[in-house]
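Enquirer: Quick one: structure below, then a few questions.
Throughout, read-outs are computed from the coordinates displayed, never taken from laboratory work. Since the model is a prediction, treat every value here as computed from it, not as a measurement. Note that each Cβ is placed from the backbone with ideal geometry, even for glycine, and that neighbours are counted across all protein chains shown.
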Ligand SMILES: C[S@@+](CC[C@H](N)C(=O)[O-])C[C@H]1O[C@@H](n2cnc3c(N)ncnc32)[C@H](O)[C@@H]1O
């Protein structure tokens, strides 16, 4: 087989794999539209935008809402060692799919709200031991209460300078401003891609750095 033919075969194989993944995901959306929160998996282009925001050499990375594994595949391909990545997926069918697709990876069927307990149980990290969280959760369609139930433990798990990397189909930060304020978080719009259905933006949430107001006497 010449190089051109083998490229064509590879591209055909990719297309067939993408169609199978899209179908797997769509069936779960039909069963649980609220938690699945999207009708099709994210694109590889969105995965690239998300991973661009990882710190340079992260030691521990958590993925929330693995779905069919678009971000998991990109994280492993980027060289994050399988033992330094823990993927959460709540849906049992998608969890089974992920474990079969990535037998080398650590994937738990667990709720993102239990992150601290699960990280401890899995001996993956203690509080403050995670450098970055890649989130595929549909935060935009969640109530402020649910966002808080996810983000509070997530920031307990993250290191002081840890990042929560989130995508959204909306025009602004998907986390409600009351939640941002109460938790003292800062959001930065870090990326955007048209090559996703629908087009998506990437936001990086971090703890807002308080500069501390010095009393006048102390400034002299
Ligand atoms: C919008 S999909 C994203 C899937 C994948 N990351 C992607 O980008 O294609 C959200 C995923 O999060 C999962 N999910 C929803 N709520 C969750 C929770 N509380 N804990 C863990 N996973 C959750 C859903 O089952 C679904 O697979």
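Enquirer: Would you mind checking the radius of gyration and Dmax of segment 47-166 based on alpha-carbon positions, in Å?
Expert: Final numbers for Rg and Dmax: 13.0, 35 Å.
Enquirer: Subtract the Cα-Cα distance of residue 57 and residue 26 from 0.36 nm times their separation in residues, and report this length gain in nm to one decimal.
Expert: Result: 7.7 nm gained on full extension.
Enquirer: Take every Cα pair under 8 Å in segment 35-187 that's 6+ residues apart, average their separations, divide by the length, and report that relative contact order as a whole percent.
Expert: Values: 234 pairs, mean separation 36.6, N = 153.
For segment 35-187, the relative contact order is 24 percent.
Enquirer: Using square roots of five times the C-alpha gyration tensor eigenvalues, list the equivalent-ellipsoid semi-axes of segment 1-44 in whole Å, biggest first.
Expert: Numbers: eigenvalues 194, 15, 3 Å².
Three semi-axes, in Å: 31, 9, 4.
Enquirer: If packing is taken as the average number of other Cβ atoms within 10 Å across a peptide's residues, how do 22-32, 199-209, 4-14 rank, most packed first?
Expert: In decreasing order of mean packing, 22-32, 199-209, 4-14 become 199-209, 22-32, 4-14.
Enquirer: Roughly what % of DSSP beta bridges within segment 42-208 run antiparallel, to the nearest 5?
Expert: 45
Enquirer: Now for a separate question. Note down the nm distance, to one decimal, between modelled labels 7 Å out along Cα→Cβ at residue 127 and at residue 104.
Expert: Result: 3.5 nm between the two label points.
Enquirer: To test your reading of the geometry: what angle, between 0 and 90 degrees and rounded to tens, separates the Cα axis of helix 144-157 from the longest principal axis of the chain?
Expert: Between the helix axis and the principal axis of the chain, the angle is about 80 degrees.
Enquirer: Moving on. Okay, helix-only estimate at 222 nm for the chain: each DSSP H run of n ≥ 4 adds -39500 (n - 2.57), divide by all residues, round to 500 deg cm²/dmol; what do you get?
Expert: For the chain, the value works out to -12000 deg cm²/dmol.
Enquirer: Next question. To the nearest 0.05, how large is the calculated FRET efficiency for residue 161 and residue 4 if R₀ is 41 Å and r is the Cβ-Cβ distance?
Expert: The formula returns an efficiency of 0.30 here.
Enquirer: Over the Cα atoms, compute the radius of gyration (one decimal) and Dmax (the largest Cα-Cα distance, rounded to a whole number) for the chain, in Å.
Expert: 18.7, 79
Enquirer: Please give the contour-minus-distance gain from residue 35 to residue 208: 0.36 nm per residue of separation, less the Cα-Cα distance, rounded to one decimal in nm.
Expert: Value of the extension gain: 59.4 nm.
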